[in-house]
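The values are calculated or read from the model by the stated rules, or taken from the named source; none is laboratory data. Everything numeric here is computed off the predicted structure, so don't read it as measured data. So basically every Cβ, Gly included, is an ideal-geometry build from the backbone, and we count neighbours across all protein chains shown. To get the accessible areas, we keep the full protein, side chains included, count just its heavy atoms, and leave off ligands, DNA and RNA. Shrake-Rupley method; radii C 1.70, N 1.55, O 1.52, S 1.80 Å.
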Amino acid sequence: MKPSIYITRKLPDECVLELQEKFDVKMWDHEEISVPREVLFSEIEEVDALFTVVSDPVTEELLAKAKNLRVVANMAVGYDNIDIEAATKRGIYVCNTPDVLTETTADLTFALLLAAARRVVEAAEFIKEGKWQSWSPFLLAGHDVYQKTIGICGMGKIGEAVARRAKGFGMEILYHNRSRKPQAEQVIGAKYCSFDELIEKSDFVVALAPLTAETKHMFNADVFKKMKHSALFINASRGAVADEASLYDALVDKQIAGAGLDVFEQEPISADHPLLKLANVTALPHIGSASIDTRRAMIHICVENIQRILTGQEPKTLVNTQLLER
Ligand code: DGY
């Protein structure tokens, strides 16, 4: 019997052709609807490999149902949707998709920063809604980006790629991270600083840290209070690194000037969410890595990782590397 794979989202046929040649592949039939939990709970029982996306919580309870599962290939660099400890305990490999999405996600992060600063989305809606009556000096006037200070919180590969873009805008670049990044300091001129210094000095505070127990709600009411009144908060990592209720209050009370958000605590966010009612919020539906080429590359890595594990080879991008040491 061929090993079997379950894919939790409909992917283009050509992307899974390779898998179909060698394995029994089953795929959820919808592109924009998550696989229902009961379907996933039933499918996971027999499969050897699971291909997941960020909106699939892979919990201890789900993994406990799996009798043959050897790999979870998650189509994202982030893996906070997966209980890594529970997978590792069961000897299940967890793979992600780093590197291929770095530049694409940095592009979107910087686009979001520019859009929030210069009110691009608001202005585009304004003209389409027929509200433009005449040119006026402060119509939709926003904030300059050029030569301002950017504070990048979470200086991984995407953080460094954002810093490179900021350098092109003549920005002063501050960063905070668990470890120092000598390369970014020497080549890009980024300056390491404490979290407090970063939030106090930055005109643009950019959240790019992965979501962990430590980073959950690291942007809270106290933090927003310490930011400049003219500052903009940009989040392209995970919604839950910010406490959304406090962010909402900070935006309404004008403690900060605005926010650019690609991610939310609860996704998909409802159109009725109070944050989406604010003119000073530029919101996007978690499209950081969403270019056609990059999404294809991410699928390709997942497919390759699954193939490698099911044929006894080392995966390319393993998260729980301790499994290789066993
Ligand atoms: C990631 O890769 O973690 C992104 O957020 C998903 O597009």
Within the set of pairs 6+ apart or on separate chains, which have a first residue in region 198-216 that is farther than 9 Å from Ala231 by Cβ, a second that is open to solvent by less than 50 Å² (accessible area, probe 1.4 Å) and basic (Lys, Arg), and C-beta atoms under 6 Å apart? Leu211/Arg238
Please find, within region 224-240, the residue that is farthest from Ile152 (Cα to Cα) out of those that are over 20 Å from the mean Cα position of the chain (by Cα) and surrounded by 21 or more Cβ atoms within 10 Å (Cβ to Cβ). Phe224
Which number in (1) in contact with a strand residue (DSSP E or B) (Cβ under 8 Å, 6 or more places away or on another chain); (2) open to solvent by less than 10 Å² (accessible area, probe 1.4 Å) marks the one condition that Met298 misses? (1)
Looking at (1) under 28 Å from His300 (Cβ atoms); (2) away from the ligand (no atom under 16 Å from the Cβ); (3) under 16 Å from the mean Cα position of the chain (by Cα), find the lone condition where Glu103 falls short. (2)
Quick one: Leu310 ticks every box in (1) crowded, with 18+ Cβ neighbours inside 10 Å; (2) within 12 Å of the ligand (Cβ to nearest atom) bar one, so which box is it? (2)
Inside region 241-259, the number of residues satisfying the requirement of being free of Cβ contacts under 8 Å to residues at least 60 places away in the same chain, open to solvent by less than 50 Å² (accessible area, probe 1.4 Å) and outside any loop (DSSP other than H, G, I, E, B) is 7
Does Leu113 satisfy being over 20 Å from Phe23 (Cβ atoms), at pLDDT 95 or above and among the hydrophobic types (A, V, I, L, M, F, W, C)? yes
Single residue of region 260-295 satisfying the filter (crowded, with 21+ Cβ neighbours inside 10 Å and among the polar types (S, T, N, Q)) that is farthest from the ligand (Cβ to nearest atom): Thr282
Of the residues Ser237, Ser194, which single one is assigned by TED's automatic domain parsing to the domain that holds Phe264 and touching a residue at least 40 places away in the same chain (Cβ under 8 Å)? Ser237
Residue within region 299-315 that is of a type in the set (Gly, Ala, Ser), touching a Leu at 6+ places or on another chain (Cβ under 7 Å) and more than 21 Å from Pro12 (Cβ to Cβ) present: no
